[in-house]
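Here, each number is a calculation from the coordinates, and none is a lab measurement. No experiment lies behind these values; they were computed from the predicted model shown. Cβ coordinates were reconstructed from backbone atoms using ideal geometry, including for glycine residues, and neighbour counts include every protein chain displayed.
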Amino acid sequence: MGHAQEFEAELRATRVRLEEARIDGLDVISPRNFQRAQERLADAAQRYERGDRIDSVRQRLTEAQDALAEAERFLGVGGRLFGEALTARMDALAMEAPDRAPNLWERAEAVIIEAGQRLERGDEEGASARVSEAETLFRDAELEAIRSDVLGRARDARDAAMVAGTRELAPAKFGQADGYFEEANRVLDGDRSQRGDAAGLGEAAAAAFARAAYVGSLSDSVARRRVLLEVIFERHETEVGRISEQLGYDADFFGGIEPVADQAVAAIASLQEDRRNLESQLARSEAENRMLGASVDSLEIRLAGLEEREAEVSAQLRERERRDQKGRERRPADPPVVRSQLRFRIGPDSSGALRAAHQGAAGPARFSGGPGQHRGPHGFPGER
């Protein structure tokens, strides 16, 4: 490895070391030494990129390393004194306090850096006091950032309502909205981790402030006679009339808007009751369907069992038939049955033929007859 490559590797290693020191909080525990290390390292890198003499570049890098080593000397005592304040600082950063609570964040940063400077001068007691103050400011910045995140929309709506004079024009509506907003703040003050509950109250407050601003603007318009109260009533009757039309009845405003609203409430309640009845019927139907499905499953299981048994019996029958077939193939054939072609005719001269048949294997029968006596095809006399 050449000298240039060695120097570049050392430069990179020093940068890594400086960043690790920042993570450990040395930028506030020993701010003067950390800043000097940071400046000397940047100067060394610029000189190297410009192609300055290597000895001047090396001098700046060495100065950066020495300043960083001096800062690291405070790491032990700084961790003990600054630990909780650094945790509060990280929590505030996580909530984007530099953007959402910039004033508190800048004050906290100034105080904790002053604590580090006191520590560098050897004033550990003074540093400890300033660290406690910084921790409080960081926690305040974190809470303010949470409020900005969770209650930002409600706060903007409240500010707009205040500018419009809603507190005087619609005091009841404004008071209701302000109640939601104050309750959300109390939740965060008690436990800032309950952001979900505070967010819900914040949304309710934002909607209530917008409603209060609308009512306040109407009140102001009526007071200044920019709009007649009659026109406002007509607008409301038109909107309620649209609802009654969808519910299937004609709105009659002769008695005011309240009876029409009561009719709408009754119609909606009836529809809701019908819906509950339908949901109940649907639930019963679904239960019956589940029971039928279970029955079908049971029948399918039984049918599968029967089919399996049928297959087993069929296989047994085929096996039995195969064995019977092999048995028939191995059994010797029965001897053929020989039927005698002899025909007898009982007559006066048949006794000799009977005797010949009785002799069996003694040889062919011999017949003697008179000259000229007729013999049949088998040699029996008198055969026709």
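Rounded, prolate or oblate for the stretch 142-223? Axes are the square roots of the Cα gyration tensor eigenvalues, ordered a ≥ b ≥ c, and the cut-off for rounded is a/c under 1.5.
Details: a/c = 3.09, a/b = 2.55, b/c = 1.21.
It is prolate, given that a/c is not under 1.5 and a/b is the larger ratio.
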Practice prompt. Could you pull the Cα extents of the stretch 74-197 along its three principal axes, largest to smallest, in whole Å?
Written response: 61, 26, 21
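So what is Rg over Rh here for the stretch 201-330, counting just Cα atoms and using Kirkwood for Rh?
Details: Rg = 37.4 Å, Rh = 22.9 Å.
My calculation of the ratio gives 1.63.
Of all alpha-carbon pairs in the stretch 117-181, indicate the percentage at a distance above 18 angstrom. Write out the running numbers ahead of the final one.
Values: 1230 of 2080 pairs.
Tail of P(r) above 18 Å: 59 percent of Cα pairs.
Applying a 10 Å radius around every beta-carbon, put 155-166, 104-115 in order of their mean neighbour count, most first. Could you put the intermediate results ahead of the total?
On the way: 155-166: 17.4, 104-115: 20.6.
By packing density, highest mean first, the sequence is 104-115, 155-166.
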Item to complete: Grab every C-alpha pair in the stretch 250-323, bin the distances at 5 angstrom width from 0 up to the longest one, and report whole percents.
Response: 3, 13, 8, 9, 7, 7, 7, 5, 6, 5, 5, 4, 4, 3, 3, 3, 2, 2, 1, 1, 0
Discussion item. Calculate log10 I(q)/I(0) of the stretch 1-56 for q = 0.13, 0.31 Å⁻¹, where I(q) comes from the Debye formula with a single equal point scatterer on each Cα and nothing for solvent.
Written reply: -0.37, -1.23
Worksheet item: Based on the mean of other beta carbon atoms within 10 Å per residue, what is the order of 297-303, 69-75, most packed first?
Response: 69-75, 297-303
Item to complete: Just rank K326, K173, fewest to most, by other beta-carbon atoms within 10 angstrom.
Response: K326, K173
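Can you sort F34, F181, F138 so the residue with the fewest Cβ neighbours within 10 Å comes first?
Working: F34 25, F181 21, F138 29.
Ordered by Cβ neighbours within 10 Å, fewest first: F181, F34, F138.
Sort L282, L93 by Cβ crowding within 10 Å, fewest neighbours at the top.
Working: L282 10, L93 15.
Lowest to highest Cβ neighbour count: L282, L93.
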Worksheet item: Tell me, what is the Rg over Rh of the stretch 4-104, with Rh the Kirkwood radius over Cα pairs?
Response: 1.08
